1. With (1) assigned to a loop (DSSP other than H, G, I, E, B); (2) closer than 11 Å to Ile110 by Cβ as the list, and Val92 as the residue in question, which single condition is left unmet?
2. Considering only residues of the range 154-173 that are assigned to a strand (DSSP E or B) and β-branched (Val, Ile, Thr), which is farthest from Ser121 (Cα to Cα)?
3. Among the residues that make up the range 62-72, is at least one of them within 29 Å of His123 (Cβ to Cβ), within 12 Å of the ligand (Cβ to nearest atom) and charged (D, E, K, R)?
4. Going by the structure shown, is Ile49 away from the ligand (no atom under 15 Å from the Cβ) and either at pLDDT 85 or above or in a strand (DSSP E or B) (or both)?
5. Could you identify the single residue in Lys24, Lys39, Lys90, Lys75 that is modelled with pLDDT under 90 and surrounded by fewer than 16 Cβ atoms within 10 Å (Cβ to Cβ)?
6. Quick check on this structure: which one of Arg103, Arg62 is at pLDDT below 90 and surrounded by 14 or more Cβ atoms within 10 Å (Cβ to Cβ)?
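The values are calculated or read from the model by the stated rules, or taken from the named source; none is laboratory data. On a predicted model such as this, the values are computed, not experimentally measured, just so you know. Cβ atoms come from the backbone with ideal geometry, glycine included; neighbour counts cover every protein chain shown.
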Amino acid sequence: MNRIRLNALDEYFLRDHLALNITKRCNQKCIFCFEGDRKGWDELSVEKISDFVQEAVKKGIRNLIFMGAEALLRKDIFDIINVVKELGIKRVGAFTNGQILSREGFIEQIANSGLDYLDISFHYADAETFARCTRTPEKLFYNFIKGLERLDEFNKKNNGKIGVITKTLLFSQNQGQLDLILRLISRLFKYSEIICGIKRIQLTEFPPDIYLLDNLKERRKEIKSLHFGDKNIFLPVCLYV
Ligand code: SF4
């Protein structure tokens, strides 16, 4: 199994990195969301994305992550990934809530298109909390889990081809679940290279530019104390600093 190195932060987030918003559509309605499912927002065409990325590559950008609301809902996502890879982007990722990963053949298709990693929202450890946080039916929690199982199974067969980042926001509705969430992540990803990001937010104080940053030293201690053995190395990072 792959292990994450401490300098992976640089590789994933900091060097030559571009985040590109390609849709405002989403299949969840998270209570903390300031992006999801906005009507009347034109999506960038593949041609426009191509023009934009071409310019970015000229300026030295080599890492790109697709944002959205739910970036993977774009029907032409496979073409989009393909195009940016051909333009010279070395490492391509996508933010996702994970729902679409349960779809038969989807993971294979994004991998074949050239996707290198997924940045997965992971704010819940049970169906009830999931439904409360995402304002969607509880049964979709099991769909989420199924998608992640498929992803790890794919990585088992393909030598960890798709890197995995999990991103956990802690707020009043999932209070006290950090331990459970991390244990679930640990159970689900046995064959994937993984980074685990955690951030505490206060929903009463939106807009989100006042996100509270965790004390990373303290957080590291907390995570080490969970004793995952040598199965995965979890590195707490703050993704939106
Ligand atoms: S999954 Fe992401 S984009 Fe969709 S509603 Fe939730 S936070 Fe917003």
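1. Val92 satisfies every listed condition except (1).
2. Kept after step one, since they are assigned to a strand (DSSP E or B), are these residues of the range 154-173: 163-170.
Keeping just the survivors that are β-branched (Val, Ile, Thr) gives 164-166, 168.
Values: Val164: 11, Ile165: 9, Thr166: 6, Thr168: 6 Å.
Taking the candidates together, the pick is Val164.
3. Looking through the range 62-72, at least one residue is within 29 Å of His123 (Cβ to Cβ), within 12 Å of the ligand (Cβ to nearest atom) and charged (D, E, K, R).
4. Numbers: away from the ligand (no atom under 15 Å from the Cβ): yes; either at pLDDT 85 or above or in a strand (DSSP E or B) (or both): yes.
Against the criterion (away from the ligand (no atom under 15 Å from the Cβ) and either at pLDDT 85 or above or in a strand (DSSP E or B) (or both)), Ile49 qualifies.
5. Working: Lys24 fails: surrounded by fewer than 16 Cβ atoms within 10 Å (Cβ to Cβ); Lys90 fails: modelled with pLDDT under 90; Lys75 fails: modelled with pLDDT under 90.
Criteria check complete, one pass: Lys39.
6. Details: Arg103 fails: at pLDDT below 90.
Exactly one residue qualifies, and that residue is Arg62.
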